[in-house]
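Here's the structure we're looking at; comments come further down.
The values are calculated or read from the model by the stated rules, or taken from the named source; none is laboratory data. Note that this is a predicted model, so its numbers are computed, not measured. Using ideal geometry, Cβ is built from the backbone for each residue, glycine included, and neighbour counts are taken over all protein chains shown. Side chains included, ligands, DNA and RNA excluded: accessible areas come from the protein's heavy atoms. Shrake-Rupley method; radii C 1.70, N 1.55, O 1.52, S 1.80 Å.
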Amino acid sequence: MRKSRVLLAGVAVAAAAAATSAFTAANDFTAVTPPVAGYGQVSVTGATVTDVDYTLVALDKTKLDQVVFTTSTDVTDAALTQTMTLKSGTTVVGTYGCTPSVYTTGSPGSMTLTCDATDDPLLSAFNAIGLTISQ
């Protein structure tokens, strides 16, 4: 699978207006290096995201296969759920569950959340991406 960091370059529209009340001021993307397409577009609650990688469908690069969020926050608690939401304006295009990796300790620690876009939505179908971590 080829990862693309330019997935949202063509859809970098004012996603802040599309964020719902579930996305709060606790969002922290200051550690994302290098800044990626979609930086500032991604909303997350409950974790500090340090990287976002987009994987396109191998045989059709106009569709999204999965998104992998890297976080420095340990969100492996069994009571937590991780959900990725794709939106076009205020319309939800898709909601997808995410699978956390094992948290690696260190300074800082890290883990990934792999969110499979099971229906392979067209890139042109959404202009905002959100990650919600909640109980």
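Among the residues of region 87-101, which ones are among the polar types (S, T, N, Q) and open to solvent by 60 Å² or more (accessible area, probe 1.4 Å)?
90, 91, 95, 99
If you check 70, 83, which single one turns out to be open to solvent by less than 50 Å² (accessible area, probe 1.4 Å), in contact with a Gly (Cβ under 7 Å, 6 or more places away or on another chain) and at pLDDT 90 or above?
So the residue among 70, 83 that is open to solvent by less than 50 Å² (accessible area, probe 1.4 Å), in contact with a Gly (Cβ under 7 Å, 6 or more places away or on another chain) and at pLDDT 90 or above is 83.
Looking at region 108-135 only, could you name the residues that are touching a Gly at 6+ places or on another chain (Cβ under 6 Å) and β-branched (Val, Ile, Thr)?
Within region 108-135, 133 is the sole residue that qualifies.
Among (1) within 15 Å of residue 48 (Cβ to Cβ); (2) of a type in the set (Val, Ile, Thr); (3) not in a strand (DSSP E or B), where does residue 118 come up short?
(1)
Anything in region 102-135 that is surrounded by fewer than 16 Cβ atoms within 10 Å (Cβ to Cβ) and among the aliphatic types (A, V, I, L, M)? List them, or say none.
Listed by number, the residues that qualify are 102, 122.
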